[in-house]
Structures are given as C-alpha cells and as structure tokens.
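Step one of this worksheet: look at the structure below.
The values are calculated or read from the model by the stated rules, or taken from the named source; none is laboratory data. Predicted model, so just to flag it, every value in this text is computed and none were measured. Positions of Cβ are generated from backbone atoms using ideal geometry, with glycine treated the same way; all protein chains shown enter the neighbour counts.
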C-alpha cells in the first residue's frame, strides 16, 4: 500500500501577516499557470486535501507535478491550470503573466469583510511582480460526450485559499473555464463535489448547474488498480 507523500513545510512563524481593510480595492488576475508555479500549486493541493479530509490520500510531490502537469505545452488540449492572483497594486501592463494562448483577465473587487492572509510570501507569484500573491487555482482537461458528439471540460480541482473565500474568486475561476469551453465550441463543463460540502452545493445550484443524481463515481487507484490490471481476463 502506497503511503501519502510528505506535506510541504508549514508557513514560517516569522512570515508577516498581510491585512487588507474593508473597502480596500483588491485587484485580481486570472492567468495560465506554468512550471514555475508548481510550488504554490503543490501547497494548495495539500491545503485542499486537508479541507476535503483526504490528506491521507495525497501522493503528489513538486517533482511529480512538474513532470506530469506541465510536460506538454498544449493548453486546453491536455491538463490546464488557471491561477487567480491578488494584489493591492495595479498589475504591470507588460507582465510575465501574458501567454500567446490566453490573455489574463483582470477584475477589481472591494474587500468586505477585511482580508487577513498569514501566508503572503509562501504564495508570492512566480512572475516576481511586487505584492502579487496566488489566491487559488482550477485544474481542468478535455473529455468527450458521444451522445452530443462534442468535447467538454472536466474540472478536476477547484480551490481558493481560506483567506480569500466568499469573495467570488471561485465563481470567477469557474466562469473562465466555462467561457473557454464556449469559445472552443465545447458542449459542457462538469465536476464532482463532496456530498457533505453543502456550501459548495448551494453555490453550484445558484449558478445554474444541476446534480446528475443517476450517476455514481467509481474509481480504481493504488493497489486496486495494479491488481485489476494484472488479471488474466485479456489472456487468450
């Protein structure tokens, strides 16, 4: 039985808390992630696993993410990650965040209630811009529905750091995936949610998504996957 990977180091005690008062403008940017963003993504994956009560099933490392997530530079045709970043300053117009396949999306929010981020340096943007911090991510990839003969996007993971929840950042990440699907002529976007996460369920239903009650998710992993792959059902 494989054991869970060692979680990334916790936030250093000396790290300064970033405080953003009520009604302070908070600038946001959604951009394509790249290999330099792996450390931040890795830390968020473990925070997400802890929230989902699945930390014992988290096996990813920075090395494995770098190898598998960004091994090909074919965004929207394979695994794709959008990051949402925040800042109290304007993002530079000639930013390292620009990518030929996607123009970053900017939006300004008014902070309410105030934001207190205990990990700003841990999640400092890989673009090295001053006071720009990663607040969340969405991971998605194409799937296909034969009944409508159209591809779609499957959202594997959606996560917003605790300090930045209930501000609409998760909705923004979902919206940018939906917009990309429409622009590419795709038929649908789908995902799963834990049945005890009532806040997320309510949010998804309010945005117009619906639950597919007739289907259940089945999964083969770890020893079960290895054992089934080794069966002799394919032998002559």
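Against the conditions (1) surrounded by 12 or more Cβ atoms within 10 Å (Cβ to Cβ); (2) touching a residue at least 60 places away in the same chain (Cβ under 8 Å); (3) more than 16 Å from residue 84 (Cα to Cα), residue 223 satisfies every one except (1). Residues in the range 170-192 that are assigned to a helix (DSSP H, G or I) and either in contact with a helix residue (DSSP H, G or I) (Cβ under 8 Å, 6 or more places away or on another chain) or in contact (Cβ under 8 Å) with a residue 40 or more places away in the chain (or both): 170, 171, 172, 173, 176, 177, 180.
Answer yes if at least one residue in the range 85-96 is touching a helix residue (DSSP H, G or I) at 6+ places or on another chain (Cβ under 9 Å), within 18 Å of residue 130 (Cα to Cα), surrounded by 14 or more Cβ atoms within 10 Å (Cβ to Cβ) and modelled with pLDDT of 95 or more, and no otherwise. Yes: one or more hits. Going residue by residue through the range 27-35, is there one that turns out to be more than 17 Å from residue 169 (Cβ to Cβ), at pLDDT 85 or above and either surrounded by 15 or more Cβ atoms within 10 Å (Cβ to Cβ) or under 18 Å from the mean Cα position of the chain (by Cα) (or both)? Scanning the range 27-35, I find at least one residue that is more than 17 Å from residue 169 (Cβ to Cβ), at pLDDT 85 or above and either surrounded by 15 or more Cβ atoms within 10 Å (Cβ to Cβ) or under 18 Å from the mean Cα position of the chain (by Cα) (or both), so the answer is yes. Tallying residues that are over 17 Å from residue 139 (Cβ atoms) and in contact with a strand residue (DSSP E or B) (Cβ under 6 Å, 6 or more places away or on another chain) within the range 179-195 yields 2.
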